[in-house]
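Below is one structure; the comments refer to it alone.
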Amino acid sequence: METSRSYSPLQRTLHWVIAAAVIVMIPVGLYMVRRGVWSNFDALTNTLYSWHKFIGFCILWLVVLRIVVRLMRGAPPPVPLHPLQQFAANATHFGLYVLILLVPILGWTGVSAYGARGTPFGFELPEIIAQNQALGEAILAYHGWAAILLGLLALMHISAGLMHRFILKDGVFARMWPGAGGKG
C-alpha cells in the first residue's frame, strides 16, 4: 500500500492559514505599538490592537487544532536529509511550535493583566490572570520579543523551504505546498 508523501489537505490548510496570519500579525504588531506611542492611542490604533488580540486568539486555537490533527494523522515519511539538515529542520520546527503557542499565550496573559481584553464584535478575551498593569507591561514586552524571534525563525523556515524547492529539488517543499496531492 502506497503511503502519502504529503501532509493531509487539512494539515496543509492549517499550515498556510496560520503562516499567513503570523506574517501579517508581526509587522502589524510592531506598527501598532509604535503608532500607540505617537498617536496617543487614537481610534485606528485601538482598532489595530483589538483586531490583533482577536486574530492572535484565533491563531492560538488554530495551532492547537493543528497539533491535535498532527497527533491524530501523523506526518508523511521523512525525506532523507543530511544529518545536519535533519537536526536543523527538527530544531526549527520545534522552535516554531513552541513560539507559535507561546506568543499568543503571552499576548493573552499580558492583555489580561493589563486589563485590555476587548476585541471586535464586543468579544472580551477571558481573564486568565488578575489585573496588574506593571506585570501586564512586562509580559507584553516578552510577547513582543518572542514575536520577533518567531518572525526570525519563520524567515529561516521559509528560506529552507525555498532552498529545498529551487536548489535541492528534493521533494521537501511539495509535502506542504497546497495542491501537492496525496501521492508522489
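Values quoted throughout were computed directly from the atomic coordinates according to the rules given, and no laboratory measurement underlies them. Predicted model only: the values in this text are computed from it and were never measured. Glycine gets a Cβ as well: all are built from the backbone with ideal geometry, and neighbour counts include every protein chain shown.
Counting neighbouring beta carbons within 10 Å and listing from fewest to most, the residues Phe54, Phe94 come out as Phe94, Phe54. The structure-derived value of Cα extents along the principal axes in Å appears in the list (i) 58, 29, 25; (ii) 41, 40, 31; (iii) 92, 45, 26 under the label (i). Site pair Leu168 and Trp16 shows an inter-label distance of 2.2 nm when each label is modelled 7 Å from Cα along Cα→Cβ.
Sorting the segments 24-31, 96-103 by their residues' average number of neighbouring beta-carbon atoms within 10 angstrom, most packed first, yields 96-103, 24-31.
The packing ranking, built from the mean of other Cβ atoms within 10 Å per residue, places the peptides 149-156, 73-80 in the order 149-156, 73-80, highest first. For the pair Val28 and Leu71, the difference between a 0.36 nm per residue extended length and the Cα-Cα distance amounts to 12.3 nm. Each Lys and Arg contributes +1 and each Asp and Glu -1, all at the Cβ; summed about the Cα centre of segment 1-141, the dipole is approximately 340 debye.
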